[in-house]
Structures are given as C-alpha cells and as structure tokens.
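Written below as structure tokens is the structure these notes are about.
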Amino acid sequence: MREVEYGKIVEAVKELVKRANYVLPKESVEAFKKSLKVEESPLGREVLGQLLENAKLAQELQMPYCQDTGVAVVFVELGQDVKVVGGSLCDAINEGVSKGYREGYLRASMVWDPLFDRKNTRDNTPAIIHYEVVEGDKLKITVAPKGAGSENTSKLAMLKPADGWEGVKEFVLRTVEEAGPNACPPLLVGVGIGGNFEYCAYLAKKSLLRPIGKRHEDPKIARVEEELLEEINRLGLGPMGFGGRVTALDVKVEMFPCHIASLPVAVNIQCHASRHASVEL
Ligand code: SF4
C-alpha cells in the first residue's frame, strides 16, 4: 500500500481550488478564439472578446474568472493500493476547500440548509465529492467549481425507450433553449444517457471534464455529439444570449447500460466559466 498524507491532500486541494477559479483551461481560451472566427453577430463578437480579456486578467491578477466561484465539486479517482494516513480523505478535501476559498478570497456560496435559515457556511464547504475506486497506487483529484446560473438550468428526464434518439435530442435542445441567457452562453453541454436516475446526472456532469474539442472514442457517440452541437448552434442564442452562431462551444455525451423499460437522460448545462483543475498524488 502506498501512503498519502492527509496534510498533502489538504495543500493540494487548496491550490486546486485557487487555480481552477483563476485560470481557465487552455482549451476554453482556444475555443473562445476559434468562436471569434465564426461568430458573425457584432454583439456576440464583443462578448467573446470580453471573455478572452477576462480570462487573461483573471490569470495575470490571480483573481476569480467569475464572481460566482460556485459549489466545490470534486472528482476523486482513488487507486485501490493507496492508503490515506493522518485523517480521512473526505475531511482532507473539505479542509483544502475551506483554506482555498478563504485564502484565495473566493466567494463562499454554500448555505447550511436549503430550506430553513439558509445561513452561509462561510468557507464554501461542504464540497460535493464523487469517489471512484480505480486500479493502481495513485490518487487523482479534480476540482470543478460550478456556478448556480448554469447549474439551475440543468434538467433530467426519465424518457420512455420508445422516445429513442429523437426524444433525447428534443429534450436536450429544449433544455438549452429554456436555459437561454441565464446560463451565460457560450455553453458546454454535458449529456448523460442511460444508467438510472442518479447515474445519468453523474455522467452528464463528469462528461464535462473531457477537454473541449475532444470527441468520444466511440464513433457512434462522437457522431451524436457532433449532431447535437450543430443543432444547438442553430438555435441562434449566441454569446450571452445576444444572438449569434456560437451558442455552445461543445457537447459531451456519456452513455451507460440501462433497464429495458427506461431511457434516463440528464443535461448538465455548463456556462463559459468551465473551470476545472487536477492533480495526481
Ligand atoms: S453561470 Fe457561470 S459565468 Fe454565469 S455567473 Fe454563474 S458561474 Fe459565472
């Protein structure tokens, strides 16, 4: 068993939280530049120019790319030959999130309970952590802060198998259209198809970690991604909903086997602030 110290995880998560909020992934910046070449609407072009300037300033000044620094969503790949020593993995991640949000002057957005007093937890904990046990002796942690504007427009449907691909497509397009400017386009659209109620939502969110422009390795799923991207961009919402050709920068689809009587579909809408940072310990 390889041992990984609690304190090392705390420090790593603290730095990831700051990096994810200050520095957009390279592919996002490249996608903005590429979109400038195809966007025809003057307002849309103006917005894309501002997004590029914003990304540059956030990185240079080490300031958050967006004021909504989100819920701290954390994906963990825990090698089955790794042992965390000195405390629990969950506590280490939450301590790292707490330190990162406080030291990095990142907005704390979490409230203790969703319905009653809604008091702010003041350090953006608790994180929402997804664990996956994998082979090997490595611990990979990805922090993906998610703002409410786009998350609130995400949707899930338990379709009937007879609805098929046309039903799935109609649901994805309707979700994007209804999200409109509230989700801060240009968007990334994550789609989880199959599994069950909770698993398709997880797939939709996880799919967004795949870099922009990277197609699914299964050619059938890759074709579906292309088709959805084309149709979403035909909706004409454009950057920040001002109209234009670039409504989405990319669409990611993940699928999983499902029950004979089910066709679950989840659409996780991601705004242009598609932030994530990873480390392997
Ligand atoms: S939807 Fe995204 S870009 Fe818009 S305010 Fe929220 S985090 Fe920021």
³J(HN,Hα), Karplus 6.51/-1.76/1.60, whole Hz, each residue of region 93-101, x for Gly, Pro:
5, 5, 5, x, 5, 4, 5, x, 5
Kindly state, to the nearest 0.05, the FRET efficiency for Asn196 paired with Asp81, given R0 = 41 Å and r defined as their beta-carbon distance.
0.85
If the cut-off is 19 Å between C-alpha atoms, which aspartates and glutamates fall inside it for Lys140, apart from same-chain ones fewer than 8 positions away?
Glu3, Glu5, Glu11, Glu15, Glu77, Asp81, Asp91, Glu95, Glu132, Glu280
Footprinting proxy, Met158, Met240, Met1: sorted fewest to most Cβ within 10 Å, the residues are Met1, Met158, Met240
In sequence order, what are the phi-derived ³J(HN,Hα) couplings for region 139-148 according to the Karplus relation 6.51 cos²θ - 1.76 cosθ + 1.60 with θ = phi - 60°, rounded to whole Hz, with x for glycine and proline?
10, 9, 10, 10, 9, 10, x, 10, x, 7
Modelled label-to-label distance, Lys37 and Thr121, 7 Å Cα→beta-carbon offset: nm?
4.3 nm
By the Cα gyration tensor axes a ≥ b ≥ c (a/c under 1.5 gives rounded; else a/b larger than b/c gives prolate, otherwise oblate), the shape of region 206-277 is prolate
Can you put Asp68, Asp113 in order, fewest other beta carbons within 10 Å first?
Asp113, Asp68
Could you bin all the Cα-Cα distances of the chain into 10 Å bins starting at 0 and give me the percent of pairs in each, rounded to whole numbers?
7, 27, 33, 24, 8, 0
Which semi-axis lengths, in whole Å and largest first, follow from the square roots of five times the eigenvalues of the Cα gyration tensor of region 139-211?
21, 18, 10
What value in Å³ per residue do you get for the convex hull of the alpha-carbon atoms in region 149-277?
93 Å³
Describe numerically, in nm with one decimal, the distance between label points set 7 Å from Cα along Cα→Cβ at Asp113 and at Leu52.
5.0 nm
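Quick one: of Lys8/Lys252; Lys83/Lys214; Lys169/Lys214; Lys56/Lys205; Lys83/Lys155, which pairs are farther than 30 Å apart, Cα to Cα? Could you put the intermediate results ahead of the total?
Numbers: Lys8/Lys252 33 Å; Lys83/Lys214 33 Å; Lys169/Lys214 20 Å; Lys56/Lys205 26 Å; Lys83/Lys155 37 Å.
Too far apart for the 30 Å limit: Lys8/Lys252; Lys83/Lys214; Lys83/Lys155.
FYI, it's all coordinate maths here, none of it is from the lab. Since the structure is predicted, the reported quantities are computational estimates derived from the model, not experimental observations. Glycine gets a Cβ as well: all are built from the backbone with ideal geometry, and neighbour counts include every protein chain shown.
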